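Worksheet: one structure, shown below.
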Amino acid sequence: LGEALATADRHGDEFLAVLAHELRSPLAAIRNAVHTTHSCSARPGDDLRGDVPRILIIEQNVAAADELASLIETAGHGVTRVTYSGHAALAVAMTFAPTVVLMNLELPDISSYDLARQLSQHPRLQNLRLIALTGISEHPGRNRAREAGFERYLIEPCGAAELDEIFG
């Protein structure tokens, strides 16, 4: 944790941006800020060329998010970053510049539909592909998701076949 906090200190602006949005739950704010600053840094083996998809996963379920990222990277579909809240995703998106966003429709801190609009309207994120994630097969927000710019709708947990279809 000490090393992670030192990393967060070096990336103070991102830390403060995330912390300001998540003061309602101090532990969540620290966890997300440390993860955000770690996620924004290039990792050994990352291929950040323009032709390699940069995939941002926004999912509040930590285990599901990490498993999805592992599945995507193991299959060679691209480089991933994971955030567990919408506000943290905004900070990561501005530095990571994803080409694809996989986003849970039930984020606890911000409307997924509003976040999708914010991301897709940002000049740095032109041609962004938005893919909705949900655990509910007949989610009532399916039409809203389409209106917000989501091109696909996946039921969690996603399998290799669904991911191959998207990234194949």
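The values are calculated or read from the model by the stated rules, or taken from the named source; none is laboratory data. A quick note: this is a predicted structure, and the numbers were derived from the prediction, not measured. Note that each Cβ is placed from the backbone with ideal geometry, even for glycine, and that neighbours are counted across all protein chains shown. Each accessible area value is taken on the protein alone, full model and side chains, heavy atoms only, with ligands, DNA and RNA left out. Shrake-Rupley method; radii C 1.70, N 1.55, O 1.52, S 1.80 Å.
What relative contact order, as a whole-number percentage, does region 89-130 give when Cα pairs under 8 Å and 6 or more residues apart are counted?
For region 89-130, the relative contact order is 49 percent.
With the other protein chains left in place, how much accessible area per residue, in square angstrom, belongs to region 60-102 at a 1.4 angstrom probe?
Numbers: 1360 Å² over 43 residues.
Each residue of region 60-102 exposes 32 Å² on average to a 1.4 Å probe.
Given R₀ = 25 Å, FRET efficiency for Ser137-Thr95 by Cβ-Cβ distance, to 0.05? Before the final figure, lay out each step's value.
On the way: r = 34 Å, r/R0 = 1.38.
Approximately 0.15, to the nearest 0.05.
Given 0.36 nm per residue, what is the gain on full extension from Arg144 to Ser70 after removing their alpha carbon distance, in nm? Intermediate values should be presented prior to the final figure.
On the way: separation 74, 0.36 × 74 = 26.64 nm, distance 2.89 nm.
Going from the current span to full extension adds 23.8 nm.
Counting only protein heavy atoms and using a 1.4 Å probe, what share of the accessible area of region 92-164 belongs to carbon plus sulfur, as a whole percent?
Exposed carbon and sulfur together represent 47 percent of the surface.
How far apart, in nanometres, would the label points at Glu106 and Val52 be if each is projected 7 angstrom from Cα along the Cα-to-Cβ direction?
Spacing of the two 7 Å Cα→Cβ label points: 3.4 nm.
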